[in-house]
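Values in this text are rule-based calculations from the coordinates and carry no lab data. Keep in mind the model is a prediction, meaning the values are calculated, not measured. All Cβ positions, glycine included, derive from the backbone under ideal geometry; neighbour counts span all protein chains shown.
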Amino acid sequence: LLLLTISGCKKNELKYFEEEVPLLNIWFGTNNVLESITHNFAYSPTDRDSLVFNYRIAGYPVDYERVFELTTTDDDAKLLTFTFNKYKVPAGKSLGKLVFYVDKPTDKNLFANRDLNVSFKVKQSSVFQPALKELNDLKIKFKNAVTKPDNWDNAVLPNLPLKNFFGSYSTEKYKFVIQVTGLSNLVVERNIKVNPELPPNTITEIHAKAL
């Protein structure tokens, strides 16, 4: 009788684990996990910008497609226009990259006194739930002025600080760098490969030294 009871408990525990809603991690970053990013509309060449994020399921893949949404409760999000896809995790997959869009605001006074801060989380559903602590949100600081970028003085490897190549910061110098490279929110990556595959807005240190 004791053996049957133990067997029954194990079966129930396994069933509970299989039915538990998996956690879904989300984050920004290509080679590194970024706690937050800064997006500056002043460098946007078009009226709509794309923001790429990563996802990873804390669990095993399944043999059917699953869908999730992003949500926010931040008041600043109401001041901007976002466009989201219906995010699909393909059958047999547990991680990947997805994108959402934000329109460049037309109100010139929107950023007159401050930056805007918005964070997105995975919307709770019967399919996924947001991660509890780490990799559980997408934090973005929005600006609309030519200002000193976060990675001018400091950067996390394999990325390198812009000051290593362009010296002390000035607005005119940064405008020149943007004009010459044709890239906004510029990132320099330590990479010696020939014709490497690079993330958006990224150049190699060899390219940066040649500027």
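With a ≥ b ≥ c taken as the square roots of the eigenvalues of the C-alpha gyration tensor of the chain, please select rounded if a/c is under 1.5 and otherwise prolate if a/b is larger than b/c or oblate if it is not? Here the chain falls in the prolate category.
Between Asn31 and Glu65, what's the calculated FRET efficiency when r is the beta-carbon distance and R0 is 35 Å? Round to 0.05. Efficiency, from the Cβ-Cβ distance: 0.75.
For region 55-160, the list of chymotrypsin sites (Phe, Trp or Tyr not before Pro) that fall in a loop by DSSP and count at most 12 other C-beta atoms within 10 angstrom reads Tyr64.
Its residue count N sets the reference 2.2 N^0.38 Å, and the alpha-carbon radius of gyration of region 87-211 equals 1.32 times that reference.
Between Asn109 and Leu198, the contour length at 0.36 nm per residue exceeds the alpha carbon distance by 28.5 nm. Of all segments of the chain bounded by trypsin sites (Lys or Arg not before Pro) found in a DSSP loop with no more than 16 other C-beta atoms within 10 Å, the longest spans 1-85. Think of the chain as a dipole: +1 on every Lys or Arg Cβ, -1 on every Asp or Glu Cβ, centred on the Cα centre; then among Val146, Ile178, Phe28, Ile178 lies furthest on the positive end.
Legend: Rg and Dmax of region 20-120, from Cα coordinates, 15.8, 50 Å. For the chain, the relative contact order works out to 22 percent when only alpha carbon pairs closer than 8 Å and six or more residues apart are counted. The GluC sites (Glu not before Pro) of region 63-171 that DSSP puts in a loop, and whose beta carbon has at most 12 other beta carbons within 10 Å, are Glu65, Glu134.
Derived scalar couplings between HN and Hα for region 111-128 equal 10, 4, 10, 6, 8, 10, 10, 9, 10, 10, 10, 6, 6, 4, 8, 6, 9, 9 Hz in order, rounded to whole Hz, by the Karplus curve 6.51 cos²θ - 1.76 cosθ + 1.60 (θ = phi - 60°), x for Gly and Pro.
For the chain, what does the helix formula give at 222 nm: sum of -39500 (n - 2.57) over DSSP H segments with n ≥ 4, over the residue count, nearest 500 deg cm²/dmol?
-5500 deg cm²/dmol
When the pairs Lys78/Lys173; Lys78/Lys175; Lys78/Lys108; Lys88/Lys121; Lys104/Lys175; Lys88/Lys148 are compared against a 27 Å limit on Cα-Cα distance, Lys78/Lys173; Lys78/Lys175; Lys88/Lys148 fall above it.
Out of all DSSP beta bridges with both ends in the chain, state the antiparallel percent to the nearest 5.
75 percent
Entry note, region 38-108: relative contact order of 47 percent, from Cα contacts under 8 Å with a spacing of 6+ residues.
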